[in-house]
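Undergrad: Could you have a look at this structure, given as structure tokens, before my questions?
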Amino acid sequence: MSIVWPCALDMPTYVQLGQRVEGGDHLCTGCGKQLAPWGGYWRWVRGRSTGRLWIRRGRCSRCRRSHALLPDFLLERRLDEVEVIGHALALGIAGGFGMRSVADRLGIPMTTAREWRRRFQLRAPALAAALVEWRCSWIRPLYCSPLMVKQLLSKRLALPGSELELASASVYQHCGDSGV
Ligand SMILES: [Zn+2]
């Protein structure tokens, strides 16, 4: 089982550190006990700096489960950096670009981009529910203006200006001032 943790390092720095990278302190998701370092493994990542990186593992001394400690720029079983995947989905779904065009812009295989969109669309209802829940807990009773949507998106996705405008407009239309 994997634990995704907020990593302060950017991906190129993380890659460069190799096995010297720190995994942070984490609690077992099964029983809550502090995990002890338990080696790790190499995996590939494709993105701003394609390469192999070291994923630390932690093990619980109580229930003996081991956990992969994934920095938050990675997804389990996905080769690409999370920022690239998010950018592709924003362009393809919110931005209205075809996935062939998205793949060309980002330098990724078209089959990969299509697969992300397919999986995202399968999970879209759950993601939309999570977004509404998040809005309810964080924004209510504040009015969520188009500017707020844009600011929230710009913090999470590194999109150039025109694409950010498109994505924010689309998200605002679906989730903005809709009386949640
Ligand atoms: Zn445990």
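Undergrad: From the residues in the range 16-33 that are over 14 Å from residue 68 (Cα atoms) and within 16 Å of the ligand (Cβ to nearest atom), which one is surrounded by the most Cβ atoms within 10 Å (Cβ to Cβ)?
TA: Residue satisfying both the conditions and the ranking: 33.
Undergrad: I would also like to ask the following. Looking only at the range 42-73, which residues are within 12 Å of residue 3 (Cβ to Cβ) and either polar (S, T, N, Q) or away from the ligand (no atom under 16 Å from the Cβ) (or both)?
TA: 55, 56, 66, 70, 71, 72
Undergrad: Taking the range 101-118, which residues are among the small types (Gly, Ala, Ser), in a helix (DSSP H, G or I) and closer than 13 Å to residue 80 by Cβ?
TA: Across the range 101-118, the qualifying residues are 103, 113.
Undergrad: I need every pair where a residue in the range 1-26 that is part of a loop (DSSP other than H, G, I, E, B) has its Cβ under 6 Å from the Cβ of a residue that is charged (D, E, K, R), sequence separation at least 6 or different chains.
TA: 6/72; 7/72; 23/56
Undergrad: When you look at residue 36, is it surrounded by 15 or more Cβ atoms within 10 Å (Cβ to Cβ) and either at pLDDT 85 or above or more than 16 Å from the ligand (Cβ to nearest atom) (or both), yes or no?
TA: Taking the combined requirement at face value, the residue does not satisfy it.
Undergrad: Pick out the one residue from 58, 23, 86, 92 that is assigned by TED's automatic domain parsing to the domain that holds residue 107 and in contact with a Gly (Cβ under 8 Å, 6 or more places away or on another chain).
TA: Only one candidate passes the filter, namely 92.
Each row is one residue, and each column tells you yes or no for (1) modelled with pLDDT of 90 or more; (2) touching a Ser or Thr at 6+ places or on another chain (Cβ under 8 Å).
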position: 53; (1), (2): yes, no
position: 58; (1), (2): yes, yes
position: 67; (1), (2): yes, yes
position: 85; (1), (2): no, no
position: 89; (1), (2): no, no
position: 92; (1), (2): no, no
position: 116; (1), (2): no, no
position: 120; (1), (2): no, no
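The values are calculated or read from the model by the stated rules, or taken from the named source; none is laboratory data. Model, not experiment: these values are computed from the prediction. Heads up, the Cβs are rebuilt from the backbone with ideal geometry, glycines too, and the neighbour counts pull from every protein chain shown.
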